[in-house]
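Chemist: Quick one: the structure is below, and I'll ask about it shortly.
The values are calculated or read from the model by the stated rules, or taken from the named source; none is laboratory data. Owing to the predicted nature of the structure, the values given are computational and were not obtained by experimental measurement. Every residue, glycine as well, gets a Cβ built from its backbone with ideal geometry; the counts of neighbours run over all protein chains shown.
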There are 2 protein chains.
Amino acid sequence: MPSIKDVARVAGVSDKTVSRVVNREPNVKPETFRRVEQAIQDLGYVPNRAARLVRSRKSQVLGILTDLVSVTPYSNDIVRGAQAWAHANGYTVIVVNTNGDDDTEKAAWRTFQEHSIEGVLYVTMYHRLINLQASDCPLPTVLVNCRSTADQSLISVTPDDYRGSQALTRHVLEQGHRRIGYIRLNPVLFGAEERYRAFQDVVREWGIPDASITTKIGMSGVVGQEIDHSYQVTQNMLQQDAPPTVIMCGNDEIALQAYLGALTLGHRIPDDVSIVGHDDFKTVSKALKPALTTAALPYYDLGFRASEALYGVISGEGATGSAGSVKMDCPMVRRESVRPLPDSQRSLADAGGNARHKD
Amino acid sequence: MPSIKDVARVAGVSDKTVSRVVNREPNVKPETFRRVEQAIQDLGYVPNRAARLVRSRKSQVLGILTDLVSVTPYSNDIVRGAQAWAHANGYTVIVVNTNGDDDTEKAAWRTFQEHSIEGVLYVTMYHRLINLQASDCPLPTVLVNCRSTADQSLISVTPDDYRGSQALTRHVLEQGHRRIGYIRLNPVLFGAEERYRAFQDVVREWGIPDASITTKIGMSGVVGQEIDHSYQVTQNMLQQDAPPTVIMCGNDEIALQAYLGALTLGHRIPDDVSIVGHDDFKTVSKALKPALTTAALPYYDLGFRASEALYGVISGEGATGSAGSVKMDCPMVRRESVRPLPDSQRSLADAGGNARHKD
DNA sequence: TTGTACGCGTTATCAC
DNA sequence: GTGATAACGCGTACAA
């Protein structure tokens, strides 16, 4: 590896002049500039960041701290989004997965300090509340996909599950559905409860009677290894007396179960039952036939936006705390799994009937 | 950030002594050791890797170069595996996604050099053949999930698609299936062709007549944005004169389509048709009802193993080229989507019949 | 057992 | 415009 001195010697200038050229500083004669560039080419010189860092204290490196990576393969898009921002802005990224282990997390913070990282993205792989204090973070930190209950001064970037679910529920009602099944995600999840709350609020706002709503929990247990009974739940719902005309699912994976459950019973989607999901996990939502109407979790954008916010903090111009925090929209993705109900079927009066097609 | 000198001053020793304590070198009086440790604690001193690196040339950092991340969310497990190895061995990892762009890849190599990275994992997100030359790699490199046709001297770690598919095909035949549908993955994919080749070889070896095999292509087009017609293909297969008793799918996503296609037609799985996949994408294979019998792509292990191999190269003890290259097994995961055929249905004579249950 | 002098590759300061 | 010279935080070599 040639050093700046080698270049200087070959170009016949001092090392400082090479430094000027490399860093595009002013006050270099064009002729000198060319000679130096040539020498750099010839030698294949690449500046050494470590040496630069020793002096200048700017590492141009961001750290990403990640918890249960295995929960779902999709949330990794957060990391991708962050990487995209980083590389577009001359930053490099170091990722450490803690798998939820406290010691590993401690070690990660230390690693970050050793590398003189400028700031870290603390990302959780599902939307949740955490207990972090700003004083626990030795480096500038932005929370992604989570918020701290313990310390409001930590900036966070989270998805707006509430509004996503709200839009979905309104859409379903606008399509004329009145008998609704709702399969809840694991209640342990913060995002899950937000979605359910939105559903309840909208349904109440529209004056839908409780009797025409069926709510069941589809998953339960420890996050990452929950038991999924949504297949069975779907079938029970569809076999009850006045079955719902639409089943709203806590997320797309539950929606997949709902599809399988409904199809196995011989129900057609959306002719016999409409189904909506949440998250827009593409390998599910786009693969389903008919494709699933859902709300898109903006994972990639979460990562990208959070990096911007972190950069704001680092460069000191950043607002902090709830002022700087952002909730990002989960836009509805309308596909073919929701059928508009004809007027004749919209009344609640036929609540005893079964909208299923007969073949 | 306190430096080694600050610690030295507080502890009342020279900086070299602090260095000795930090690096656990011998010849430090226990008493001194304690005093220094105390000062480190008090000041929150963390050694600066950059400074260390300027002298010692060992960055303890690995680079990961990654192409089309978006192809599937699952292959990211390769990166996880590599990270796991790294953090278990005191290494840190820098990941750069190129999205298949050549300029980005060039820039990535440069970034790696700037960071004095010790070696890089060149990982592709689907199993394929590439054109890389060892001379294109300014740093020690190991190929993951791909092999170079241009240069055999590059070590590679790849999944053994052939053997995975072989095991699956044998299993299906052992369960008595003779009329077989095979839905091929995009033929552009190297792994896809390996799987198909294994299927053909086994079927020939067992003397299954061509007439009882139906082969169709389920996906085609540019990788990452292919058109998927496997849903329709499945339905066509099931509606033909002597429908297959089992459908073997190029991967789990096709298997999902096969489930949907079959269920929609009113077929039961595995009573009416058995289905097998490939890859073991858990959000599909475990979610399906009944759960899918498939072969597991060892993504995580690929990343882990490749890191070991790379470490071998770096520390100079490594075999190179095809000698050091590894093909990793894709073990069959036996679940409930394959039904053993009763002896009465195993003969090829009933090739005109339809094994479907009548309700 | 401990300390001193120096060098690593780079940037900062200031004089030329 | 350009170049000495010092300094960054740490490890190495050697002296004490």
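Chemist: Here are A:E253, A:E336, A:E308: which of them is part of a loop (DSSP other than H, G, I, E, B) and of a type in the set (D, E, K, R)?
Modeler: Of the residues listed, the single one that is part of a loop (DSSP other than H, G, I, E, B) and of a type in the set (D, E, K, R) is A:E336.
Chemist: What are the residues in region B:90-130 that are in a strand (DSSP E or B), surrounded by fewer than 22 Cβ atoms within 10 Å (Cβ to Cβ) and touching a Lys or Arg at 6+ places or on another chain (Cβ under 8 Å), if any?
Modeler: Scanning region B:90-130 gives B:L129, B:I130.
Chemist: Something else: Would you check which residues across region B:19-58 are within 12 Å of DNA strand C (Cβ to nearest atom) and of a type in the set (V, I, T) and list them?
Modeler: B:V21, B:V28, B:T32, B:V36, B:V54
Chemist: Of the residues A:K16, A:K58, only one is more than 22 Å from B:I64 (Cα to Cα) and within 11 Å of DNA strand D (Cβ to nearest atom); which?
Modeler: A:K16
Chemist: Working only within region B:61-81, note down all residues that are hydrophobic (A, V, I, L, M, F, W, C) and either in contact with a Phe, Trp or Tyr (Cβ under 7 Å, 6 or more places away or on another chain) or within 16 Å of DNA strand D (Cβ to nearest atom) (or both).
Modeler: B:V61, B:L62, B:L65, B:V71, B:I78
Chemist: Scan B:P73, B:P30 and give me the residue that is facing chain A (nearest Cβ under 8 Å) and surrounded by fewer than 23 Cβ atoms within 10 Å (Cβ to Cβ).
Modeler: B:P73
Chemist: With (1) surrounded by 13 or more Cβ atoms within 10 Å (Cβ to Cβ); (2) more than 11 Å from chain A (Cβ to nearest Cβ); (3) within 8 Å of DNA strand C (Cβ to nearest atom) as the list, and B:K16 as the residue in question, which single condition is left unmet?
Modeler: (1)
Chemist: Which of the residues belonging to region A:27-54 are within 46 Å of the chain's Cα centre (by Cα) and near DNA strand D (Cβ under 8 Å from one of its atoms)?
Modeler: Listed by number, the residues that qualify are A:F33, A:A51, A:V54.
Chemist: Please state which of the following conditions A:A323 fails to meet, knowing it meets all the rest: (1) in a loop (DSSP other than H, G, I, E, B); (2) under 30 Å from A:Y122 (Cα atoms); (3) at pLDDT 65 or above.
Modeler: So the condition that A:A323 fails would be (1).
Chemist: Quick test of your reading of the structure: A:F281 fulfils all but one of (1) over 20 Å from B:T264 (Cα atoms); (2) in contact (Cβ under 8 Å) with a residue 60 or more places away in the chain; (3) more than 10 Å from chain B (Cβ to nearest Cβ). Name the failing condition by number.
Modeler: The number of the failed condition is (3).
Chemist: Hey, another quick one. On the given criteria, is A:D67 surrounded by fewer than 19 Cβ atoms within 10 Å (Cβ to Cβ), among the acidic types (D, E) and more than 10 Å from chain B (Cβ to nearest Cβ)?
Modeler: no
Chemist: Moving on. Scan region B:205-226 and tell me whether some residue there is closer than 23 Å to B:V333 by Cβ and part of a strand (DSSP E or B).
Modeler: Yes, region B:205-226 has at least one match.
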